[in-house]
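Engineer: Dumping the structure here so I can ask a few things about it.
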Amino acid sequence: MFKKARIKLTVVYSGIIVAISIAFSLFIYRMVSVEIQQRLSLIERRLNPPQRIYLPPTTQNMMFIEDLREVEDRVLIILIYTNVVILIFSSLAGYFLAGLTLHPIENAMEEQKRFIADASHELKTPLTALQTSIEVALRDKKIDLKSALFTLKDSLNDVKSMTSLTNDLLSLTRYQQNNLKESFARVNLKDIVETSVNKIRPLGKSKGIQIEFNKDDVFLSGNKESLEKLITILLDNAVKYSQKKKMVNIKYNCKGKYIIIAVSDNGIGIPKEDLPYLFERFYRSDASRSKINTLGFGLGLSIAKSIVNIHNGSIGVESTVGKGSIFTVKLPAE
Ligand SMILES: Nc1ncnc2c1ncn2[C@@H]1O[C@H](COP(=O)(O)OP(=O)(O)O)[C@@H](O)[C@H]1O
Ligand SMILES: [Mg+2]
């Protein structure tokens with residue numbers, strides 16, 4: 001599809017250049033012919049002035065006239081050659097430029113295709129599970145109330161999981177569009193951290209995990225709702241990937257032109273080989289899946305990265321398996 005589009009664009013690009021060049025050449029040729037015609041009539045008038053008697057042109061004069069006529073033909077040939085060279089050159093340049101124009105569009109389309117494929121694949125798994133459990137329950141003609149309720153509860157969990165996946169997918173597309181800049185306002189990081197900690201506290205309590213945080217006023221320009229989402233994602237991971245009764249800590253401060261936010265835990269840690277892929281969509285470390293068996297789709301950190309990008313910041317991670325992880329976010333200060 002893109003090969004065809006590239007050739008079409010090449011034809012359009014080189015067509016425009018050659019059309020301009022032909023128009024320009026026709027103009028030059030016309031000017032040169034008019035000029036030569038004027039010179040020829042002038043010479044002829046000089047050679048045959050009306051008052052004098054007719055003098056036959058000398059061979060030298062004839063040759064001069066011939067030379068002038070030849071100039072006209074030579075200009076035409078040079079112009080034709082020039083246009084052929086321009087056609088070849090503009091086709092090559094057009095092909096290159098068309099490639100340059102189409103490359104980012106091709107990449108974006110590939111990315112979109114992969115996104116749709118990944119999303120459909122992730123949705124298919126809970127949907128199949130849901131379908132199977134409902135079909136099995138329906139096939140059992142003597143199903144008792146307890147089993148029916150169990151199937152319903154199970155189905156509800158699958159539906160909840162799909163809702164959470166679609167919400168995450170929507171968040172990701174929203175934050176990747178990068179059009180939140182208009183809603184930037186002066187926000188206090190203290191409020192953002194407090195709101196996020198309050199959201200994660202119940203999950204922490206259920207595992208006996210305490211969340212420590214500082215309460216300093218630090219102001220920055222940003223989108224409040226998305227920053228709350230960012231901190232919530234990091235805190236949620238810190239709690240989710242920690243064993244019971246561990247500590248989770250969130251610290252923030254302003255260092256020169258930047259605000260540094262660090263979320264640390266003493267949890268299961270992340271293997272070195274997983275670190276480069278952690279912020280990719282749907283990536284989940286095998287270690288975290290098997291050891292702690294937590295629910296999730298691997299979208300949290302890619303959403304976090306999109307939010308950080310919108311705020312012109314950066315996000316990084318340091319981790320040791322069995323000891324814990326520190327996620328550090330660097331955002332430009334106000
Ligand atoms: N604090 C953490 N400790 C250990 N592993 C983590 C931590 N944060 C993230 N991870 C790893 O990174 C993966 C991706 O995280 P995320 O994008 O939030 O997706 P999810 O939590 O849904 O799996 C997780 O599956 C886990 O393997
Ligand atoms: Mg997560």
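The values are calculated or read from the model by the stated rules, or taken from the named source; none is laboratory data. All of these numbers come straight from a predicted model, not from anything done at the bench. Virtual Cβ from ideal backbone geometry, glycine too; neighbours counted across all protein chains shown. What goes into the accessible areas is simple: the full protein's heavy atoms, side chains included, and nothing from ligands, DNA or RNA. Shrake-Rupley method; radii C 1.70, N 1.55, O 1.52, S 1.80 Å.
Residue-by-condition table, conditions (1) closer than 30 Å to R281 by Cβ; (2) exposed (fewer than 15 other Cβ atoms within 10 Å of the Cβ):
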position	(1), (2)
K3	yes, yes
I17	no, no
F24	no, yes
Q38	no, yes
D73	no, yes
F96	no, yes
P104	yes, yes
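Engineer: What are the residues in the stretch 195-216 that are without any contact (Cβ under 8 Å) to a residue 12 or more places away in the chain and either open to solvent by less than 50 Å² (accessible area, probe 1.4 Å) or of a type in the set (D, E, K, R) (or both), if any?
Structural biologist: R201, K205
Engineer: Can I ask one more? Condition first: in the same structural domain as Y29 (by TED's automatic domain parsing), modelled with pLDDT under 80 and assigned to a helix (DSSP H, G or I). Can you find one or more residues in the stretch 45-57 that meet it?
Structural biologist: Yes, the stretch 45-57 contains at least one residue that is in the same structural domain as Y29 (by TED's automatic domain parsing), modelled with pLDDT under 80 and assigned to a helix (DSSP H, G or I).
Engineer: Within the stretch 231-245, is even one residue open to solvent by 20 Å² or more (accessible area, probe 1.4 Å), within 12 Å of ligand 2 (Cβ to nearest atom) and more than 18 Å from S171 (Cβ to Cβ)?
Structural biologist: Within the stretch 231-245, one or more residues are open to solvent by 20 Å² or more (accessible area, probe 1.4 Å), within 12 Å of ligand 2 (Cβ to nearest atom) and more than 18 Å from S171 (Cβ to Cβ).
Engineer: Here's a follow-up. Being within 19 Å of G316 (Cβ to Cβ), assigned to a strand (DSSP E or B), away from ligand 2 (no atom under 16 Å from the Cβ) and out of contact with any His (no Cβ under 6 Å at 6 or more places or on another chain) narrows it down to one residue among L227, L220; which is it?
Structural biologist: Working: L227 fails: assigned to a strand (DSSP E or B).
After applying the criteria, what remains is L220.
Engineer: Determine whether S314 is surrounded by 21 or more Cβ atoms within 10 Å (Cβ to Cβ) and either on the phi < 0 side of the Ramachandran plot or near ligand 1 (Cβ under 8 Å from one of its atoms) (or both).
Structural biologist: Taking the combined requirement at face value, the residue does not satisfy it.
Engineer: Only residues in the stretch 240-263 that are within 13 Å of ligand 1 (Cβ to nearest atom) and in a strand (DSSP E or B) count as the first member; pair them with residues that are open to solvent by 70 Å² or more (accessible area, probe 1.4 Å) and of a type in the set (K, R), Cβ under 7 angstrom, at least 6 apart or cross-chain, and list the lot.
Structural biologist: A262/K251
Engineer: Read through the list (1) open to solvent by 30 Å² or more (accessible area, probe 1.4 Å); (2) modelled with pLDDT of 95 or more, then give the number of the only condition that G256 fails.
Structural biologist: (2)
Residue by residue, here is whether (1) open to solvent by less than 30 Å² (accessible area, probe 1.4 Å); (2) at negative phi; (3) at pLDDT below 95 holds:
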site	(1), (2), (3)
K160	no, yes, yes
N167	no, yes, yes
S171	yes, yes, yes
Y175	yes, yes, yes
N179	no, yes, yes
S183	no, yes, yes
V193	yes, yes, no
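Engineer: Same structure, new question: Determine, yes or no, whether I303 is part of a loop (DSSP other than H, G, I, E, B) and within 8 Å of ligand 1 (Cβ to nearest atom). Let's see the steps before the verdict.
Structural biologist: Values: part of a loop (DSSP other than H, G, I, E, B): no; within 8 Å of ligand 1 (Cβ to nearest atom): yes.
Judged against the criteria, I303 is not a match.
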